[in-house]
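Asks: The structure's right below; bear with me while I get my questions together.
The values are calculated or read from the model by the stated rules, or taken from the named source; none is laboratory data. In this text, all values refer to a predicted model and were calculated from it rather than measured experimentally. Methodologically, a virtual Cβ is constructed for each residue, glycine included, from the backbone with ideal geometry; neighbour enumeration extends over all protein chains shown.
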Amino acid sequence: MPINLADEIARALQEYTDDVTVELDDVKDTISKEAVSELRATSPKRTGDYAKGWSRKKTAHGYVVYNRTDYQLTHLLEYGHAKRNGGRVRAYPHIAPVEQKVIDKFTNATEKAVKG
């Protein structure tokens, strides 16, 4: 029985795709856990509730890292805000540095997974 070259190529590509998909799913899981723990460590702490509120949720395309308890404060703390009688409250940038680390880690891990 002759081997069909197109079928063999398709099978090899499917195996490669499956391997990369599995590896990227593991990377997404690991990096999202790291992001949550780092956000808990670097978030501003008055009572500690905001920092403890960081969590992650699995979606169809990966994971979403969010603050389940004080989601209203994320933007205000990250960028600061105007006071009622004028002036501004200082910003506590704690999300952007973690976001950049996560992006860099995921980019490197994706390149490594694709190259094999």
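Asks: Pick from Thr21, Thr69: which is without any contact (Cβ under 8 Å) to a residue 60 or more places away in the chain, surrounded by fewer than 15 Cβ atoms within 10 Å (Cβ to Cβ), of a type in the set (Ser, Thr, Tyr) and assigned to a helix (DSSP H, G or I)?
Replies: Of the residues listed, the single one that is without any contact (Cβ under 8 Å) to a residue 60 or more places away in the chain, surrounded by fewer than 15 Cβ atoms within 10 Å (Cβ to Cβ), of a type in the set (Ser, Thr, Tyr) and assigned to a helix (DSSP H, G or I) is Thr21.
Asks: Would you pick out the residues in the stretch 59-116 that are in contact with a Leu (Cβ under 6 Å, 6 or more places away or on another chain) and within 24 Å of Thr30 (Cα to Cα)?
Replies: Val98, Ala113
Asks: Please go through the stretch 24-48 and pick out each residue that is in a helix (DSSP H, G or I), in contact with a Phe, Trp or Tyr (Cβ under 7 Å, 6 or more places away or on another chain) and farther than 18 Å from Phe106 by Cβ.
Replies: Arg40
Asks: Determine which single condition Gly62 fails, assuming it passes every other condition in (1) out of contact with any helix residue (DSSP H, G or I) (no Cβ under 6 Å at 6 or more places or on another chain); (2) on the phi > 0 side of the Ramachandran plot.
Replies: With (1) out of contact with any helix residue (DSSP H, G or I) (no Cβ under 6 Å at 6 or more places or on another chain); (2) on the phi > 0 side of the Ramachandran plot applied to Gly62, the lone miss is (1).
Asks: Still on this structure, I have one more. Could you tell me whether Ile9 is modelled with pLDDT of 95 or more and β-branched (Val, Ile, Thr)?
Replies: no
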